[in-house]
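Asks: Handing you this structure, nothing more for now.
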Amino acid sequence: MRVHVIVTPKREVLDPQGQAVAHSLHALGFAEVQEVRIGKFIELEIEESDRQRAAARVEEMCRRLLANGVIEDFRFQIEGA
Amino acid sequence: MRVHVIVTPKREVLDPQGQAVAHSLHALGFAEVQEVRIGKFIELEIEESDRQRAAARVEEMCRRLLANGVIEDFRFQIEGA
Amino acid sequence: MRWGVVIFPGSNDDQDALWAIEQVLGETAVPLWHKERDLKGVDLVLLPGGFSFGDYLRCGALARFSPVMDSVIQFARAGGLVWGICNGFQVLCEAGLLPGALVRNRSRRFVCGMVNVRVETTDTPFTRLCRRGEVLEIPIKHGEGCYVADAQTLQRLEENHQVVLRYVDATGRAVEEANPNGSLRNIAGVVNHTRNVFGLMPHPEHAVEKWMGSDDGLKLFQSVLSAQRQAGSTESAAVVPGH
Amino acid sequence: MDLDKLLRPVDEYHAVEHGLTPEEFELLCRKLGRPPNLVELGVVSVMWSEHCSYKSSRVHLKKLPTHGPRVLQGPGENAGVVDIGDGLAVVFKMESHNHPSYVEPYQGAATGVGGILRDVFTMGARPIASLDSLRFGSFDHPRTRYLLSGVVGGIGGYGNCVGVPTVGGETYFDSGYDLNILVNAFTLGVVEKDRIFRARAAGPGNPIMYVGAKTGRDGIHGASLLASAEFRGEAEDKRPTVQVGDPFTEKLLLEACLELMAHDAIVAIQDMGAAGLTSSSAEMAARGGTGVWLDLDRVPTRAAGMTPYEILLSESQERMLLVAQAGKEEVVREVFRKWDLDAVVIGQVTDDGLFRAQFAGREVVRLPVRLLADDAPLYERPVRVPADLEERQTLRFEDIAPPEDWNQALLAMLDSPNLASKAWIYSQYDFLVRGNTVVGPGSDAAVLRIKGTDKGIAVSVDCNSRYCLQDPYVGAVIAVAEAARNVSCAGAEPIGLTDCLNFGSPEKPEVMWQFEQAVCGIRDACVALEVPVVSGNVSFYNETEGRSIPPTPTIAMVGLLPNVRHFATQWFKEEGDVIVLLGRTREELGASEYLAWVHGRVAGVPPWIDLALEKKVQQVVRRAVQDGLVRSAHDVSEGGLAVALAECCMSRPGAAMGAEVDLPIEGMRVDALLFGESQSRVILSLHRRHVARVRDLATAAGVPFVAIGEVGGRRLVIRPWIDVPVEELRRVWGQALARRAEVATGAAAG
Ligand SMILES: Nc1ncnc2c1ncn2[C@@H]1O[C@H](COP(=O)(O)OP(=O)(O)O)[C@@H](O)[C@H]1O
Ligand SMILES: [Mg+2]
């Protein structure tokens, strides 16, 4: 089954990349842009039929590898089976 | 309103980062992982009440700056108003 | 000849390009601040290496929208010589002046060191003084130097001899072990179809003094000079829009 | 927020929470004539922290020789300054970022580089080179790989982006650092002698301006918590928001500050490092003998609702504080605007000698500057020789069984992560940008040209902490000697050094003894070799779960080449060149890499060192290199003669170059001869026709000189024990680190 993991910089943590992009969008005339935060989008293809178990495993993957708990938050979504 | 943009590497473009992560996940014992693709998750906070107009603008931001059509696909989602 | 060197916020090797042009070649270098559209009548625009705008989002993606780039694009379309080194190459790809894109190195690590590149065509203003098949020793230093393009584009590049440089081993063979970043077909540098816009990942401006390692990069600078002399330097600057 | 809460007088409980002792709190109240409020307590606690006040180390650091004919600025400013002639000076310093790098290796190391860069360009110097000195745990420890790739990634990610080349460093792996790695960053810059900027807030009425990144809740209490409170492995919980580096903003700051300094618009400038706004403004006032008044409402903030406490203690990166000349504010704004940076007036220099801050129209801090800067307590902490020292220092040779196969022994040595090629690390660093790199990483010292002159600078960073563990005094002497030797091998004369003293808790008498011994060692070596200490940094509390790191007094040496075109590298160049060994070889194995790696033992005392001989050897090498008599020079360090000879063959760029060697040295164990680490030895290779002249130089100076062989072939032959193809040596040596580093790790996601 397919899982989408989203990893974002913690709210309080500086996101220089997001700032730079916001700055450029303004320069390009997109004045309506107020804030930009940039994170990772991770698409996992896993062999697992049980959603429960899948969720538990992905949770563990995020904690151990996919997200850096010190500066990042994560959330994920299991694609409708 | 808040918009989530997802930028992913085109299928045919190789994604060394995704491969490396898949490899590490296997090394960590997550044998069920078959494929990993890594893209960007961009969160935009924009001052715009009209969803139609917002969509058009974001579409333009993606074409002009947020994604590189040569190597990336993009899609976005406007958070429920 | 007047060499324009664009300075973006985050350009680092701009100073090295200026040094090579002024101190080594003894030519006139004109710094071009990214916020200004005026190209000051230069005969060539060089986009230097570095991390323009921090390389945030994608390398070259933000620099591509600096005011100066509008003029550079017009200049290139009008046949002016435009030369992108490393980050400059990335900017040119983002700006659509060169085909393809540069993505993260296959190793996922920044790589700095000397490489061998083979001259694939001398039919460009940037390599006309080289020999075809000649191997040049020039350093690289980048994290996103893996050249990619779709099959048709690669096909076209080969057919029109737009691949200018390829990574090779010391004996000149374009083998996988000699490929420092995973670039398709070991491509290190390409020109556009009108052959006036050139981008490469290696840093010729860092190979201009033998006693410091290599002066093979000088050949590229000197090629441009001779091309310019032959073209009879006058026009190219004159056709620049905005003058 | 409830401002009143913050402004209430605090008691001892709060003080202790802030890392002050009851005695220190009592002293504070006495000096102040009242108890401080919470904001003031925060300010004092960081200013009185070990990190900012050097309260445990100052009495010892006083012993270091800090003067010399070339010294323009010794310790006390942001960095040291040494005259190199031609109207130019070099500015350099080294700093630790150990704990943050353990908590978050990439960002910790990155912000460490950012901090040291600011220390240098703050003084008006253009940074031209960085070095990094790294200590990791053994590869057996599960976290080591992750920390290694994170730290190296962070140093490269930041330094490469800012455009300052990382041209050298050192890297060691030792289980003593498993839970407390070391990341020491060094930067050197060049400045015109008469345009050096100092951080002295002068001229009451002058505006204080804030430049650079906005202030967030980054690393609040980082300085006092991470650097002063013993680290108990629970950092994850205690952690404030981790600082994230923004090298792009740093690059803009760097260019903007240097551009601004060309105008006559500023009086003083100082980066906001540890304890940010508080220490930068207080230190500037202290140095200038003035006071400061800050309006915290004007400080640009990133997070909503920040309290004055947070604003004053935030450690957000890429921020500078400067004192402009009254009336020149617009000049300052103009320059920063060009670089898309905001410069905001946030206060004023005053003449009342007070550190005052207001917030929401109320005065939230009112403290004498002297109290913060000068009245911090000073400790002469008790010292005690470790009880087990003597036992650890005893080594009976007969217990050490020599290997059967010397070829295998050499290959095994080259597979040690400590002796292995460090190319996996330094190839991730841009060591070329700015076009001054004559010799990059991979030789004893890096060499940089100084544009506009014939001169060059050589730099090397060294410390063998195993030596220091077995004898901190001798270990420190050797650290200075080896750093100087490396620089001399490049042909440069040592002109100054900076140190970074990494130790455990000063509250432990054994650690304090190590510290005292090390400082004495540095002092004696500096006096003997006539090298001043111009800047430095102390990092205490490097311990986890009560376990201290091996004492690690890292030394970064800076040398001057009169003619940069006359330099030497360590590798053999030409077939038929004669190989010469300078110096004396003793039967020594104590604290050697051989003993640790092959026999799994850390025992005995470090090699003997005679500083008088050391000095002469270095003089001879420099003369020989500068007179163009030698084609290569390499000092013999960890791994001894056999490893050094192997390095002369393997480290050569391009095709390998072999050597045939006979060691006419009698009366000692073969392993001591091949792998012993006797000091003050250098391997030269030179053309036959120069042999006589170099021999004369050596004998005149009383330096032992032996021709031991010839360069050539594709094998390294050390008769009768070793005979291996150089390519085989190179394969093992070249792969040893990469092989271990590249096993899949958590860092992959980064
Ligand atoms: N962390 C590092 N960063 C950059 N260069 C390094 C690093 N570690 C080691 N090096 C380089 O690798 C080479 C060998 O290091 P080292 O064995 O410490 O040399 P030496 O024993 O002569 O002091 C030197 O050129 C050094 O600059
Ligand atoms: Mg050495």
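Asks: Of the residues D:V461, D:V447, which single one is near ligand 1 (Cβ under 9 Å from one of its atoms) and in a strand (DSSP E or B)?
Replies: D:V461
Asks: Does segment D:476-498 hold any residues that are away from ligand 2 (no atom under 16 Å from the Cβ) and in contact with a Pro (Cβ under 6 Å, 6 or more places away or on another chain), and which are they?
Replies: Of everything in segment D:476-498, those that are away from ligand 2 (no atom under 16 Å from the Cβ) and in contact with a Pro (Cβ under 6 Å, 6 or more places away or on another chain) turn out to be D:A476, D:G496.
Asks: Tell me, yes or no, whether segment D:507-527 has at least one residue that is in a loop (DSSP other than H, G, I, E, B) and more than 15 Å from ligand 2 (Cβ to nearest atom).
Replies: yes
Asks: Right, something else. In segment D:388-421, what count of residues is obtained for those that are within 14 Å of D:V643 (Cβ to Cβ) and either of a type in the set (A, V, I, L, M, F, W, C) or within 16 Å of ligand 1 (Cβ to nearest atom) (or both)?
Replies: 14
Asks: If you don't mind, another one. Among what's in segment C:153-164 and is of a type in the set (S, T, N, Q) and more than 12 Å from every other protein chain (Cβ to nearest Cβ), pick the residue that is surrounded by the most Cβ atoms within 10 Å (Cβ to Cβ).
Replies: Ranking the qualifying residues of segment C:153-164, first place goes to C:Q162.
Asks: State the number of residues belonging to segment B:17-27 that are crowded, with 17+ Cβ neighbours inside 10 Å and either at the interface with another protein chain (Cβ under 8 Å from one of its Cβ atoms) or of a type in the set (G, A, S) (or both).
Replies: Matching residues across segment B:17-27 total 7.
Asks: Evaluate segment C:53-64: report whether one residue or more is over 30 Å from D:E742 (Cα atoms), aromatic (F, W, Y) and in contact with a Phe, Trp or Tyr (Cβ under 6 Å, 6 or more places away or on another chain).
Replies: no
Asks: May I ask you to verify whether D:E380 is free of Cβ contacts under 8 Å to residues at least 24 places away in the same chain and either away from chain C (no Cβ under 14 Å) or β-branched (V, I, T) (or both)? First the steps, then the outcome.
Replies: On the way: free of Cβ contacts under 8 Å to residues at least 24 places away in the same chain: no; either away from chain C (no Cβ under 14 Å) or β-branched (V, I, T) (or both): yes.
In short, no.
Asks: Looking at segment C:12-47, which of its residues are at negative phi and in a loop (DSSP other than H, G, I, E, B)?
Replies: Correct list: C:N12, C:D13, C:L25, C:E27, C:H34, C:K35, C:E36, C:R37, C:D38, C:L39, C:V42, C:D43.
Asks: So, in segment D:96-114, how many residues would count as being surrounded by fewer than 24 Cβ atoms within 10 Å (Cβ to Cβ) and away from chain A (no Cβ under 14 Å)?
Replies: So the answer is 0.
Asks: Sort through D:A596, D:A568 and tell me the only one that's surrounded by 23 or more Cβ atoms within 10 Å (Cβ to Cβ), touching a Ser or Thr at 6+ places or on another chain (Cβ under 9 Å) and not acidic (D, E).
Replies: Only one candidate passes the filter, namely D:A568.
Asks: Which of the residues spanning segment D:179-222 are within 24 Å of the chain's Cα centre (by Cα), assigned to a strand (DSSP E or B) and of a type in the set (F, W, Y)?
Replies: D:F186
Asks: Here's another thing I want to ask about it. Among the residues of segment D:161-184, how many are within 14 Å of chain C (Cβ to nearest Cβ) and away from ligand 2 (no atom under 16 Å from the Cβ)?
Replies: Summing the residues that are within 14 Å of chain C (Cβ to nearest Cβ) and away from ligand 2 (no atom under 16 Å from the Cβ) in segment D:161-184 gives 6.
Asks: For D:S149, which of the numbered conditions (1) within 14 Å of chain C (Cβ to nearest Cβ); (2) polar (S, T, N, Q); (3) within 21 Å of D:A89 (Cβ to Cβ) fails to hold?
Replies: Exception for D:S149: condition (3).
Asks: D:E593 passes all but one of (1) in contact (Cβ under 8 Å) with a residue 40 or more places away in the chain; (2) touching a Lys or Arg at 6+ places or on another chain (Cβ under 9 Å); (3) more than 16 Å from ligand 1 (Cβ to nearest atom); which number fails?
Replies: Failed condition: (3).
Asks: For a quick check of your reading of the model, give me the residue pairs whose first member lies in segment B:51-66 and is away from chain A (no Cβ under 12 Å), whose second is buried (at least 16 other Cβ atoms within 10 Å of the Cβ) and aliphatic (A, V, I, L, M), with beta-carbon atoms closer than 7 Å and at least 6 apart or on different chains.
Replies: B:R51/B:I78; B:A55/B:I78
Asks: Output the residue which, of all residues in segment D:605-637 that are of a type in the set (D, E) and surrounded by fewer than 24 Cβ atoms within 10 Å (Cβ to Cβ), is nearest to ligand 2 (Cβ to nearest atom).
Replies: Looking at the filtered set, the residue picked out is D:D610.
Asks: Which residue out of C:L62, C:L92, C:L57 is in contact (Cβ under 8 Å) with a residue 12 or more places away in the chain and crowded, with 20+ Cβ neighbours inside 10 Å?
Replies: One residue alone meets the criteria, C:L92.
Asks: Of all residues in segment D:405-422 being within 16 Å of ligand 2 (Cβ to nearest atom) and assigned to a helix (DSSP H, G or I), which is farthest from the other protein chains (Cβ to nearest Cβ)?
Replies: So the residue we want is D:M413.
Asks: Which of the strands (runs of 3 or more DSSP E) contained wholly in segment D:639-750 include at least 2 residues that are at pLDDT 95 or above and among the acidic types (D, E)?
Replies: Of the strands (runs of 3 or more DSSP E) lying wholly inside segment D:639-750, those with at least 2 residues that are at pLDDT 95 or above and among the acidic types (D, E) span D:659-662.
Every residue, every condition in (1) within 11 Å of chain B (Cβ to nearest Cβ); (2) under 10 Å from the mean Cα position of the chain (by Cα), yes or no:
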site	(1), (2)
A:V36	yes, no
A:S49	yes, no
A:V70	no, no
A:D73	no, yes
A:F76	no, yes
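Asks: Same structure again: Is it the case, given these coordinates, that D:Y158 is out of contact with any strand residue (DSSP E or B) (no Cβ under 8 Å at 6 or more places or on another chain), more than 13 Å from ligand 1 (Cβ to nearest atom) and aromatic (F, W, Y)? Spell out how you get there, then give the answer.
Replies: Numbers: out of contact with any strand residue (DSSP E or B) (no Cβ under 8 Å at 6 or more places or on another chain): yes; more than 13 Å from ligand 1 (Cβ to nearest atom): yes; aromatic (F, W, Y): yes.
In short, yes.
Asks: Out of the residues in segment A:2-16 that are within 22 Å of C:R58 (Cβ to Cβ) and free of Cβ contacts under 8 Å to residues at least 60 places away in the same chain, state the one that is farthest from the other protein chains (Cβ to nearest Cβ). Write out each step before concluding.
Replies: First, the residues of segment A:2-16 that are within 22 Å of C:R58 (Cβ to Cβ): A:4-9, A:13-16.
Applying the additional criterion that residues be free of Cβ contacts under 8 Å to residues at least 60 places away in the same chain yields A:13-16.
Values: A:V13: 6, A:L14: 4, A:D15: 8, A:P16: 4 Å.
For segment A:2-16, the residue satisfying everything is A:D15.
Asks: Which of the residues spanning segment C:204-218 are in contact with a strand residue (DSSP E or B) (Cβ under 7 Å, 6 or more places away or on another chain), among the aliphatic types (A, V, I, L, M) and not in a loop (DSSP other than H, G, I, E, B)?
Replies: C:M212
Asks: Given the conditions (1) without any contact (Cβ under 8 Å) to a residue 60 or more places away in the chain; (2) more than 9 Å from every other protein chain (Cβ to nearest Cβ); (3) under 19 Å from C:F89 (Cα atoms), and given that C:A29 satisfies all but one, which numbered condition is not satisfied?
Replies: (3)
Asks: Further question: Scan the helices (runs of 4 or more DSSP H) fully inside segment D:1-114 and keep the ones with 2 or more residues being of a type in the set (D, E, K, R) and modelled with pLDDT of 95 or more. Give the derivation first.
Replies: Numbers: elements: D:3-7, D:12-17, D:22-32, D:38-47, D:50-53, D:58-61, D:98-103.
Of the helices (runs of 4 or more DSSP H) lying wholly inside segment D:1-114, those with at least 2 residues that are of a type in the set (D, E, K, R) and modelled with pLDDT of 95 or more span D:22-32.
Asks: Tally the residues that are within 8 Å of another protein chain (Cβ to nearest Cβ), within 13 Å of ligand 1 (Cβ to nearest atom) and among the β-branched types (V, I, T), restricting the search to segment D:423-437.
Replies: 1
Asks: Moving on to the next point. Is it the case that segment D:633-652 has a residue that's away from ligand 1 (no atom under 16 Å from the Cβ), over 26 Å from D:H599 (Cα atoms) and more than 14 Å from chain C (Cβ to nearest Cβ)?
Replies: No: segment D:633-652 contains no residue that is away from ligand 1 (no atom under 16 Å from the Cβ), over 26 Å from D:H599 (Cα atoms) and more than 14 Å from chain C (Cβ to nearest Cβ).
Asks: Further question: Does C:A207 satisfy the criteria of being at pLDDT below 95 and of a type outside the set (S, T, N, Q)?
Replies: When the stated conditions are applied, C:A207 does not pass them.
The values are calculated or read from the model by the stated rules, or taken from the named source; none is laboratory data. Just so we're clear, the structure is a prediction, and the values are computed from it rather than from any experiment. Every residue, glycine as well, gets a Cβ built from its backbone with ideal geometry; the counts of neighbours run over all protein chains shown.
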